[in-house]
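In what follows, a structure is listed as structure tokens, so that the remarks can point back to it.
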Amino acid sequence: MKGLTKLVLIAVSAYLAACAAAWAMQDQLIFHPKSGDGPDPGSRQLEFETVYLSNPEGVVLHGWYLPAPKDAIAPHHVLFLHGNAGRLSQRLHTLHTLHNLGHATLIIDYRGYGLSTGSPSESGLYEDADTAWKHLTAVRGIDPAKIILYGRSLGGAVASELATRQVVGGVILESTFTRLADVATIQYPWLPVTLLLRSHFDTLAKLPHIRAPVLIAHSREDQLVPYELAQALSRKVRNLASFIPLSNSHNRAFRRAGNAYYARLDTFIRHRR
């Protein structure tokens, strides 16, 4: 009995230590920023402007503004919010695609990513998105109804939160999860993640409060964020414009989607007010 009790105590201690480590290290598990710079849109012969946006907290965000092609007809502005890893230089394919569709794009690196200052957090990313939206509306004078929020993966949670507070023309949620806890439970089923998480990124709770039309796109083969989570999102959307099934992995779905998908994105963007 003493030996069994000792084994149980060791197991419990190890489990509690794992929980403590997960609680302490969760920011490193959630956010995977890549610092520094990389290729810019000019490497793809795209016209662009480097922007540095400051917010009241003193954080400075690095981003790029790409104007619509000069011959574009009725272009909109896309505010692109990327996922939890890397930096904006790794989204050149997306920027090139949106440019070819005839739209202007603003992309930023969240705090702590790329050349942006600060450290990432849930509330910080929400503030960063708000700073970018204000740059488009207050500095560039863009009609909010002509701004489309395009969030990929974690960026979809950020876009959803922004759309509950600001006027936008539409919201694109690509490869986005319901709640961070749902993804964490899949990745770490042996941990009490709902008790440990300090960050929530609860997209599901935000959707009923978004008045703008929403497009959801998700791969059936996504192993990081299961397709069923996207279906759950679609059931909560107040104004669902389209649900588009994609294929391939979480990080390759957009690149492999092809022109048929890009055309549907274009249609959604252009049919906003």
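The values are calculated or read from the model by the stated rules, or taken from the named source; none is laboratory data. No experiment lies behind these values; they were computed from the predicted model shown. Ideal geometry is used to build each Cβ from the backbone, glycine not excepted, and the neighbour counts take in all protein chains shown.
Kindly establish whether His99 is more than 14 Å from the chain's Cα centre (by Cα), modelled with pLDDT of 95 or more and more than 15 Å from Leu53 (Cα to Cα).
Yes, satisfied.
Based on this model, can you work out whether Ile172 counts as in contact (Cβ under 8 Å) with a residue 40 or more places away in the chain, under 24 Å from Thr137 (Cβ atoms) and hydrophobic (A, V, I, L, M, F, W, C)? Break it down stepwise before answering.
Working: in contact (Cβ under 8 Å) with a residue 40 or more places away in the chain: yes; under 24 Å from Thr137 (Cβ atoms): yes; hydrophobic (A, V, I, L, M, F, W, C): yes.
Yes, satisfied.
Do any helices (runs of 4 or more DSSP H) lying entirely in the range 187-273 carry at least 2 residues that are at pLDDT 95 or above, and which ones are they?
In the range 187-273, the matching helices (runs of 4 or more DSSP H) lie at 203-206, 227-236, 259-270.
Quick one: which of Asp71, Asp109 is surrounded by 16 or more Cβ atoms within 10 Å (Cβ to Cβ) and either at pLDDT 95 or above or in the same structural domain as Pro144 (by TED's automatic domain parsing) (or both)?
From the options Asp71, Asp109, the qualifying one is Asp109.
Take the residues of the range 82-92 that are within 24 Å of Val183 (Cβ to Cβ) and touching a residue at least 40 places away in the same chain (Cβ under 8 Å): which is surrounded by the most Cβ atoms within 10 Å (Cβ to Cβ)?
Filtering the range 82-92 for residues that are within 24 Å of Val183 (Cβ to Cβ) and touching a residue at least 40 places away in the same chain (Cβ under 8 Å), the one surrounded by the most Cβ atoms within 10 Å (Cβ to Cβ) comes out as His82.
To keep it simple, each residue is scored yes or no on (1) within 29 Å of Thr267 (Cβ to Cβ); (2) out of contact with any strand residue (DSSP E or B) (no Cβ under 9 Å at 6 or more places or on another chain); (3) not aliphatic (A, V, I, L, M).
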| site | (1), (2), (3) |
| --- | --- |
| Ile107 | yes, no, no |
| Leu115 | no, no, no |
| Gly124 | no, yes, yes |
| Arg165 | yes, yes, yes |
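Looking at Leu79, is it in a strand (DSSP E or B), over 18 Å from Ser121 (Cα atoms), touching a residue at least 40 places away in the same chain (Cβ under 8 Å) and in the same structural domain as Asn100 (by TED's automatic domain parsing)? Spell out how you get there, then give the answer.
Numbers: in a strand (DSSP E or B): yes; over 18 Å from Ser121 (Cα atoms): yes; touching a residue at least 40 places away in the same chain (Cβ under 8 Å): yes; in the same structural domain as Asn100 (by TED's automatic domain parsing): yes.
For Leu79, the condition - in a strand (DSSP E or B), over 18 Å from Ser121 (Cα atoms), touching a residue at least 40 places away in the same chain (Cβ under 8 Å) and in the same structural domain as Asn100 (by TED's automatic domain parsing) - is met.
Give me a count of the residues in the range 163-177 that are over 12 Å from the mean Cα position of the chain (by Cα) and either among the hydrophobic types (A, V, I, L, M, F, W, C) or in a loop (DSSP other than H, G, I, E, B) (or both).
Selection size over the range 163-177: 5.
Return the pair list, or none, for Cβ contacts closer than 6 Å from residues in the range 97-111 that are in contact (Cβ under 8 Å) with a residue 40 or more places away in the chain to residues that are of a type in the set (D, E, K, R) and surrounded by fewer than 24 Cβ atoms within 10 Å (Cβ to Cβ), at least 6 apart or on different chains.
Short answer, once both residue conditions are applied: Leu101/Asp266; Asp109/Arg87.
For the range 181-209, enumerate the residues that are surrounded by fewer than 23 Cβ atoms within 10 Å (Cβ to Cβ), among the aliphatic types (A, V, I, L, M) and touching a helix residue (DSSP H, G or I) at 6+ places or on another chain (Cβ under 8 Å).
Ala181, Val183, Ala184, Leu191, Val193, Leu196, Leu197, Leu204
For the range 143-158, give me each residue that is touching a residue at least 12 places away in the same chain (Cβ under 8 Å) and either closer than 19 Å to Gln90 by Cα or surrounded by fewer than 18 Cβ atoms within 10 Å (Cβ to Cβ) (or both). Talk me through it step by step, then tell me what you get.
Filtering the range 143-158 down to residues touching a residue at least 12 places away in the same chain (Cβ under 8 Å) leaves 144-158.
Result: Pro144, Ala145, Leu149, Tyr150, Gly151, Arg152, Ser153, Leu154, Gly155, Gly156, Val158.
Scan the range 109-127 for residues that are part of a helix (DSSP H, G or I) and in contact with a helix residue (DSSP H, G or I) (Cβ under 8 Å, 6 or more places away or on another chain) and jot them down. First the steps, then the outcome.
In the first step, residues of the range 109-127 are kept if they are part of a helix (DSSP H, G or I); the result is 122-127.
Once the filter is applied, which keeps residues that are part of a helix (DSSP H, G or I) and in contact with a helix residue (DSSP H, G or I) (Cβ under 8 Å, 6 or more places away or on another chain), the range 109-127 yields Leu125, Tyr126.
Report yes if Ala212 is among the small types (Gly, Ala, Ser) and over 18 Å from the mean Cα position of the chain (by Cα), otherwise no.
no
Can you tell me which condition Arg140 does not meet? The list is (1) in contact with a Lys or Arg (Cβ under 7 Å, 6 or more places away or on another chain); (2) surrounded by fewer than 21 Cβ atoms within 10 Å (Cβ to Cβ); (3) among the charged types (D, E, K, R), and all the others hold.
In the conditions (1) in contact with a Lys or Arg (Cβ under 7 Å, 6 or more places away or on another chain); (2) surrounded by fewer than 21 Cβ atoms within 10 Å (Cβ to Cβ); (3) among the charged types (D, E, K, R), Arg140 misses (1) alone.
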